[in-house]
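The values are calculated or read from the model by the stated rules, or taken from the named source; none is laboratory data. This one's a predicted model, so the numbers in the text were calculated from it and none came from an experiment. Note: ideal-geometry Cβ built from the backbone for every residue, glycine included; neighbour counts use all protein chains shown. For the accessible areas, the whole protein counts, side chains as well, though only heavy atoms, and no ligand, DNA or RNA atoms are used. Shrake-Rupley method; radii C 1.70, N 1.55, O 1.52, S 1.80 Å.
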Amino acid sequence: MLKVGVIGATGYTGEEVVRILAGHKDVRITVLQAVIEKEEPISSIFPSLKGKVDLVCEKPNTEIAIKEADLIFLALPHTVSMKLAPKFLNAGKRVIDLSADYRLDVKEYEKWYGTKHTDPANIEKAVYGMPELFRDKVKKANFIANPGCYPTSVILSVAPLLEKGLIHSDHIICDSKSGITGAGRSPGWNLENPNIKGNFKAYKALKHQHSPEMEHILSKVSKKKVGVAFVPHLLPLERGILSTIYMKTREKLTYEKIAKVYEEKYKDCPFVRIKEKGEFPQLKEVAFTNFFDVGFAVDTAGKLIVAVAAIDNLLKGAAGQAVQNMNVMYGFDEGEGLL
Ligand SMILES: NC(=O)c1ccc[n+]([C@@H]2O[C@H](COP(=O)([O-])OP(=O)(O)OC[C@H]3O[C@@H](n4cnc5c(N)ncnc54)[C@H](OP(=O)(O)O)[C@@H]3O)[C@@H](O)[C@H]2O)c1
């Protein structure tokens, strides 16, 4: 049995990681930690876990985590993970980090997150944890930088067409809509909040910190400089991300040709579902699942493709993908605990 620890267990993503691992046949949860007033069973903090996980959630203590666990999930705010990850890696532990601290190169990170990176040496060692595109690297990884939620929905939609050189790489337009859990758990940030209730708004247009992550990874995939114009929107919903991506083709393309490219690329991927012609994903169909659903259309001239993708930001966008990476790292069934 693999011994696993979750640091940041009381957050939105930490709670989901604990919930999934509780039903995973190959692992045992041995460490739960978070910044808490009183140490108590996690099932007292999340009653839905009663009878599944009754382990005490402790205050942060790296020594105990190193002693008790083989693999550590860091479900922490960015800038916090980079303080803890090197301690676990230096102790020979394997780490899956859900924050953004190791997804970008140091220059991009400091520019977009506005803070000095305190552990640049481990950025190179981190593998971008998207099994659909980098499964072989994930298999051998000791350290995973788990992708962001918006980037997961966009990168999986665009990569197959970019890889085949079928679309222009300099002008990919993307608008995404996310539920409120995308911003983490904080007091007053709920559906009754007057800024959220009955409201729908764009924010950080062309200035969101997930844009460089999309460009960084898509440039790696296509071996060309990629430009993404990204506009996020906030939905008055708990969870889910729906991304609509507009791509200009480099040649006249038919629906059938595009469908073949997606099917070929994702044929061995248990969590990718491609919609039938004329059908598009819905948030209700991916909520509480680790699925990435995609549908697309092409204009009559075969010059413009619109892809629509849906994921659950807390699962395929975070905790589910993190456990999927663990399954690939340890040779467990890729769908274990997730299907
Ligand atoms: N939410 C999403 O949809 C999503 C998707 C992809 C990636 N992510 C990333 O995943 C990370 C976690 O996100 P989240 O939404 O779960 O955030 P969150 O709800 O704010 O949870 C953060 C957790 O970290 C704990 N924490 C903070 N500082 C700590 C420290 N020094 N030591 C130990 N625990 C500490 C917090 O404890 P207290 O609450 O008790 O302070 C809380 O349990 C973030 O980096 C986020 O960007 C989130």
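For Ile173, the residues whose modelled amide H falls within less than 5 Å of its own, excluding neighbours fewer than 5 places apart on the same chain, are Ala229, Tyr246. Local charge sum around Leu71 (other residues, Cβ-Cβ under 10 Å, Lys/Arg +1, Asp/Glu -1)? Result for the neighbourhood of Leu71: +2. Compared with the direct C-alpha span, the chain from Ile64 to Glu263 gains 67.1 nm at full extension, assuming 0.36 nm per residue. Scanning residues 5 or more positions from Val127 or on other chains, those with amide H under 5 Å from its amide H are Phe143, Ile144, Ala145, with H placed 1.01 Å from N in the peptide plane. At a probe radius of 1.4 angstrom, the accessible area of segment 140-228 per residue rounds to 44 square angstrom.
For segment 149-311, the antiparallel share of DSSP beta bridges with both residues in that region comes to about 70%. How large a share of the accessible area of the chain, in percent, is made up of carbon and sulfur atoms when the probe is 1.4 Å and the other protein chains stay in place? In the chain, the share of accessible area belonging to carbon and sulfur is 55 percent. What does the charge count near Ala205 come to, summing +1 for each Lys or Arg and -1 for each Asp or Glu among other residues with Cβ under 15 Å from its Cβ? Around Ala205, the surrounding residues sum to +3. Note on Asn142 and Asn190: the model spin-label points, each 7 Å out from Cα along the C-beta direction, lie 4.4 nm apart. For Leu314, the amide hydrogen comes within under 5 Å of the amide hydrogens of Gly240, counting only partners 5 or more places away or on other chains and with H modelled in the peptide plane.
Using the Cβ atoms and a cut-off under 14 Å, what net charge is assigned to the surroundings of Pro236, where Lys and Arg are +1 and Asp and Glu are -1? Mind dumping the intermediate values first?
Working: positive: Lys177, Lys197, Lys201, Arg239; negative: Glu192, Glu238.
For residues surrounding Pro236, the net value is +2.
Throw me the Rg/Rh for the chain, computed over C-alpha atoms with Kirkwood Rh, two decimals. Dividing the radius of gyration by the Kirkwood radius yields 0.96. Taking every DSSP beta bridge that has both ends in the chain, the antiparallel portion is near 45%. Each stretch of four or more DSSP H residues adds -39500 (n - 2.57); spread over every residue of the chain, this sum gives -8500 deg cm²/dmol at 222 nm.
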